[in-house]
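The values are calculated or read from the model by the stated rules, or taken from the named source; none is laboratory data. As the structure is a computational prediction, the values presented were derived from the model and not from experiment. We place every Cβ from the backbone using ideal geometry, glycine too, and count neighbours over all the protein chains shown. Quick note on the areas: whole protein, heavy atoms, side chains included, nothing else; ligands and nucleic acids left out. Shrake-Rupley method; radii C 1.70, N 1.55, O 1.52, S 1.80 Å.
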Amino acid sequence: MSDFLTSPEVQNLIKPGEKLITTHCCYCGMQCGMHIRVDEKTGAVKGVEPRYDFPVNKGKLCPKGVTAYQTIEHPDRIMTPLIKRNGKFEKATWEEALDVIEANFKRIQREHGKDAVSVFGGVSMTNEKCYLVGKYARVALGTRFIDYNGRFCMSSAAGGFLKTLGIDRGATLPWTEFEHVDTFFVAGSNIAECHPTTTQHIWKAKDKGAKIIVADPREIPMARVADVHLDLKPGTDAALAMGLLNFLVEHDYVDQAYVDERCDNYEELKASVRDWTLERTSEVTGVAIEKLEKAGHIYGKSPRSVMLFARGVEQQSKGVDNVSLYTSMALLRGMIGKFASGVATMTGQGNGQGGREHGQKADLLPGYRKLTDPKAIEYVSGVWGIDPSEMPKPGVSAFEMFDEIQAGTIRAMHLMCSNPAVSAPNLPYVWDSFNKLDFFVVSDFFMSESCEFADVVLPACSWAEDEGTTTNLEGRVIRIRKVREPLGDSLPDWEIMKRIAERMGRGQYFPYETARDIWEEFRIATKGGAADYSGITWERIDDEYGVFWPCPSEDHPGTPTMFKERFGTANGKANLPVVTYRPAGEYANEEYPVTLTTGRVVFHYLSGNQTRRVDFLSTMSKLPFVEIHPELASSYGLQTGDKVELRTRRGSIVVEARLTKAIRKDTVFVPYHWGKELAINQLTNPCLDPMSRMPEFKVCAVQMKKLPANTPLHINPLTVPLGSSVPFMADHAIATSCHVMDEEVHTK
Ligand SMILES: Nc1nc2c(c(=O)[nH]1)N[C@H]1C(S)=C(S)[C@@H](COP(=O)(O)OP(=O)(O)OC[C@H]3O[C@@H](n4cnc5c(=O)[nH]c(N)nc54)[C@H](O)[C@@H]3O)O[C@H]1N2
Ligand SMILES: Nc1nc2c(c(=O)[nH]1)N[C@H]1C(S)=C(S)[C@@H](COP(=O)(O)OP(=O)(O)OC[C@H]3O[C@@H](n4cnc5c(=O)[nH]c(N)nc54)[C@H](O)[C@@H]3O)O[C@H]1N2
Ligand code: SF4
Ligand SMILES: [Mo]
């Protein structure tokens, strides 16, 4: 890469008085390469250039990536620590803020035990920071309550991959092989809007004749060019996959030699899907038999296929089952561990892969080590210099932390890099939980809806003001470079954690001066684990366009293709788990007759706290809306632009109708990038997957009502302002995590 930077191609991009800093986008798991323009004299950020030589995006950026640089010096940046006094935030110095944090954390732990203080993390941070969040919780605070926003994102993929392949690395092949693929099976993944720079790799293959199968309740852009669109009812993926597995068996599409040699449990799987005839599959999923047949033949005949899925199949109360079954389809076809074929979950957040491996999860230690494994505890304690007996036990999942707040077990929280006041399900309950906290600290660089509930807000710096590494959706470890000095009094998250650790009397365990100091410790902490980074150096990353983990030694080439010879299970064989079909936790009935699913638009990112501040993006997409089929709309007398009230058992929202034929007639879709009364998560169901503890963001049952044209959009019953300590809507709040609300079962 160093050669490339001095090449005329890049040199020509440089304007007089400016320099280019090579880094990666802060948003999605693609981690597209970019150069940020910086004024040589003042250090000010001027603009962006795509990076043509980075093999993942090859000079392409999406609308979010192109404008990401505008958030760095945005006037809304939080410039100093803030302390809430009499309900209002006041500017403070770091010393004042740390005094308040130290006093409250110590008081609460003295009165209620160490676990009363919890940590909620996020994976828009580098590996160095994500690694440190786990150590901070367990060593600085000594609490078992730590979990993170990846629980709402990658947990079902992780669970499904662990069950089938034994290691959760999101992709078994690199994107550079996509152009040689013959068939893409895309399930619950809106690639064109959510991982836009992947499309160029798929179009290349399509130009050479590749086929595309899409399974999605909506006719997403990829479905328009697909050979088959399996327009299934939300929440029925397990039925679809079992029907197709049975079809592969019945039509002799199974790669028997591969299955015999490399898979366990084939006979059991085969027997378990025998009853999933095309007729039954069609009845449960709502997909026409001819489409199922066509998809089955295309996938069954393809010599090189890739199974791609994302949150559409994973954010369900049976997300792990869905992932296991779709992965089993790839295994039956003998596709995993070979060139230009395999399986991949489209990892969501920038460091959604690296951030889920190193201990932000309630039950994990660095390198995918398990907190229930005494050897793992001993090894990591050794690296950290603590006694193994000091290591806290596993905690609970992200949503279950709110249950612990309600129960009074958790009394304080340090939230960093996440905005659950918008992004968690059943928001009335979550808001009420935040109000119940005795003490709440949030680290962010923009005032988020979650910050408003806080007692202290700490100014973190953005991704461009610190250096480190991330791991993209392929498993490729890459370098994030420092573009400018931290704005105002903001500090890198690792520095914030270090300062609090010092105040808690644990500073000796956090002796870092730079992010690189953390990286070097992190490499050792991962050594010997499933996600082994010990052979990766920052120099190698620069020289090799990133290095794929596992990479157990400096002379190891890294692992672009996973499972070439053996799987990550104890005996090296893949497992084909048997699944019993379960309906969604909640589904349409007479009272709540329509199915609601939620997701994204191309212009906004997650809770929208960053992208809603970028003029171009908020102009292109101002408000949430409900996508609704014209036939369904006409039964409610609705036209595009009409105001609609959507109501579930948990809450309601008013949005504008947007009529489109690109959705099933029994389903509506609302994006979730807005907060407060515009937050669709007031309605979503916190029914959790029994293994991954993933909430069912993708399926719930909703009532619709047309409202008068002059209804304001902001009419939701927000009777008390956010951040007040008055408990509100508590009677709407559903205290238990997993609710299966209907007795009737809609399968035969
Ligand atoms: N523009 C944009 N890009 C993003 C993000 C963003 O917020 N905005 N976020 C990033 C992150 S963190 C993530 S996790 C990814 C998410 O990426 P995706 O998972 O691709 O995005 P979603 O819109 O959540 O859902 C994908 C699709 O699932 C479909 N779906 C809904 N219910 C079902 C179902 O029951 N079965 C099936 N098969 N499909 C269903 C929806 O119609 C939708 O098209 O995107 C990343 N990229
Ligand atoms: N209804 C519905 N809800 C969903 C989903 C869905 O499909 N439907 N998807 C779920 C998924 S997949 C995800 S990933 C979650 C994500 O939901 P969130 O975790 O809420 O995601 P973000 O909006 O990225 O929140 C990150 C916050 O941290 C800040 N931030 C960004 N980078 C940094 C950093 O480096 N340091 C610090 N300290 N702060 C930083 C941002 O300003 C922002 O306020 O939402 C989930 N919620
Ligand atoms: S595809 Fe993802 S990583 Fe690439 S520019 Fe867009 S948001 Fe950034
Ligand atoms: Mo995500």
Contacts under 9 angstrom Cβ, first residue in segment 287-311 being free of Cβ contacts under 8 Å to residues at least 12 places away in the same chain, partner assigned to a helix (DSSP H, G or I), 6 or more apart: A288/S282; I289/L278; I289/E279; I289/T281; I289/S282
Single residue of segment 30-62 satisfying the filter (of a type in the set (D, E) and open to solvent by 30 Å² or more (accessible area, probe 1.4 Å)) that is nearest to T347 (Cα to Cα): E49
Any hit, segment 370-393, residues being of a type outside the set (S, T, N, Q), under 30 Å from I202 (Cβ atoms) and open to solvent by less than 10 Å² (accessible area, probe 1.4 Å): no
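Which one is farthest from V699 (Cα to Cα) among residues in segment 291-309 that are touching a helix residue (DSSP H, G or I) at 6+ places or on another chain (Cβ under 9 Å) and open to solvent by 10 Å² or more (accessible area, probe 1.4 Å)?
My answer is R304.
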Any pair with Cβ under 9 angstrom, 6 or more apart, that starts in segment 441-462 at a residue that is within 18 Å of N681 (Cβ to Cβ) and charged (D, E, K, R) and ends at one that is assigned to a strand (DSSP E or B) and open to solvent by 10 Å² or more (accessible area, probe 1.4 Å): E452/F89
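Identify all residues within segment 581-618 that are more than 16 Å from ligand 4 (Cβ to nearest atom), buried (at least 24 other Cβ atoms within 10 Å of the Cβ) and in a loop (DSSP other than H, G, I, E, B); write none if there are none.
A584, G585, E586
Here's a check for you: in segment 310-364, which residue that is of a type outside the set (A, V, I, L, M, F, W, C) and surrounded by fewer than 24 Cβ atoms within 10 Å (Cβ to Cβ) is farthest from T580 (Cα to Cα)? Walk me through how you get there before you give the answer.
If we filter segment 310-364 for residues that are of a type outside the set (A, V, I, L, M, F, W, C), which is where we start, we get 311-312, 314-319, 321-322, 324, 326-328, 333-334, 337-338, 341-342, 345, 347-361, 363.
Subset that is surrounded by fewer than 24 Cβ atoms within 10 Å (Cβ to Cβ): 334, 337-338, 363.
Values: G334: 24, G337: 28, K338: 30, D363: 26 Å.
Here the answer is K338.
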Residue within segment 105-115 that is open to solvent by less than 10 Å² (accessible area, probe 1.4 Å), in contact with an Asp or Glu (Cβ under 8 Å, 6 or more places away or on another chain) and modelled with pLDDT of 95 or more present: yes
Members of segment 166-191 that are within 19 Å of C62 (Cα to Cα) and within 16 Å of ligand 2 (Cβ to nearest atom): S189, N190, I191
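Consider F120 carefully, then state whether it is within 16 Å of ligand 4 (Cβ to nearest atom) and out of contact with any Gly (no Cβ under 8 Å at 6 or more places or on another chain).
Values: within 16 Å of ligand 4 (Cβ to nearest atom): yes; out of contact with any Gly (no Cβ under 8 Å at 6 or more places or on another chain): yes.
Criteria met by F120.
Within segment 141-166, how many residues turn out to be hydrophobic (A, V, I, L, M, F, W, C), open to solvent by less than 10 Å² (accessible area, probe 1.4 Å), in a helix (DSSP H, G or I) and more than 16 Å from ligand 1 (Cβ to nearest atom)?
Residues in segment 141-166 being hydrophobic (A, V, I, L, M, F, W, C), open to solvent by less than 10 Å² (accessible area, probe 1.4 Å), in a helix (DSSP H, G or I) and more than 16 Å from ligand 1 (Cβ to nearest atom): 1 in total.
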Subset of segment 658-690 (residues that are hydrophobic (A, V, I, L, M, F, W, C) and either in contact with a Leu (Cβ under 9 Å, 6 or more places away or on another chain) or in the same structural domain as A288 (by TED's automatic domain parsing) (or both)): L659, I663, V668, F669, V670, W674, L678, A679, I680, L683
